[in-house]
Amino acid sequence: MSAPKVGILMGSVSDLGVMQEASKILDDFEVPYDIRVLSAHRSPSLTTDFARDAEGRGIQVLIAGAGAAAHLAGVLAAHTILPVIGVPIDSSPLKGLDALLATVQMPGGVPVSSMAIGKAGARNAGLVAVQILSRNDTGLQDKLRAYKAAQQKKIESIQL
Ligand code: RP5
């Protein structure tokens, strides 16, 4: 199997159902990835080690999904120069609004690209990762064009 180009991280195994939307996109585009549970709060050392080692392993983009007081994306961003895409997860009584604010409101100098809450955000995180990788990969550019064309065709074919 090829070396991973994307890291998909999530704060809990309970986030997997949402984050699989990102991994499905990477499967569709045949982009190799590493997917694992890493918690900013429950396994802080593992999380920082992963962030520090990712670039050296050839990973080019990180996707981080977390709910509640969502610090995973921010902690990863603190320890790497790789782009970090955050996915706020609707796993708390606040239905992801807490995670959205925690993910999007990074202080200046430590960017996290925040997606929408939940499955749509995870899917788009996968697509943004592919878009970043596609800048140096014409094969991925062609697949992105085909993906957009297929979406358009689907809408155009709707008969009400
Ligand atoms: C966050 O707390 C995780 O990302 C998850 O969304 C949420 C709840 O985690 P569990 O209590 O289900 O493990 O850290």
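Which of the peptides 138-151, 3-16 is most tightly packed, and how do the rest follow, judged by the mean count of other Cβ atoms within 10 Å per residue?
3-16, 138-151
How do 128-134, 73-79, 118-124 rank on mean C-beta neighbours within 10 Å, highest first?
Ranked by mean Cβ neighbours within 10 Å, highest first: 73-79, 118-124, 128-134.
Assuming a ≥ b ≥ c are the square roots of the Cα gyration tensor eigenvalues, decide whether the range 31-160 counts as rounded (a/c under 1.5), prolate (otherwise, with a/b larger than b/c) or oblate.
Oblate, since a/c reaches 1.5 and b/c is not below a/b.
PRE reach from E156 (point 7 Å along Cα→Cβ): which of the range 94-133 fall under 18 Å by backbone N?
Under cut-off, by backbone N: nothing.
What number, in percent, do you get for the relative contact order of the range 1-158 if the mean sequence gap of Cα pairs under 8 Å and at least 6 apart is divided by its residue count?
23 percent.
Mind listing the long-range amide H neighbours of G65? Cut-off is under 5 Å, sequence gap 5 or more, other chains count too, H placed in the peptide plane at 1.01 Å from N.
It is L9, M10, G11, V87, by chain and number.
Please sort by residue number the GluC sites (Glu not before Pro) in the range 1-88 whose DSSP state is loop and whose Cβ has at most 16 other Cβ atoms within 10 Å.
E30
Dipole of the chain, Cα-centred, from +1 at each Lys and Arg C-beta and -1 at each Asp and Glu C-beta, to the nearest 20 debye?
260
If you count only protein heavy atoms with a 1.4 Å probe, what accessible area per residue comes out for the range 41-160, rounded to a whole Å²?
For the range 41-160, the per-residue accessible area is 58 Å².
With a 1.4 Å probe and all protein chains left in place, how much of the accessible area of the chain comes from carbon and sulfur atoms, in whole percent?
55
So if I take the centroid of the Cα atoms in the range 121-160 and the same for the range 86-100, what is the distance between those two points in Å?
26
The values are calculated or read from the model by the stated rules, or taken from the named source; none is laboratory data. Everything quoted here is computed from the prediction, not taken from an experiment. Backbone-built Cβ (ideal geometry, glycine too); neighbour counts: all protein chains shown. We work out accessible area using only protein heavy atoms, side chains counted, and drop any ligands, DNA or RNA first. Shrake-Rupley method; radii C 1.70, N 1.55, O 1.52, S 1.80 Å.
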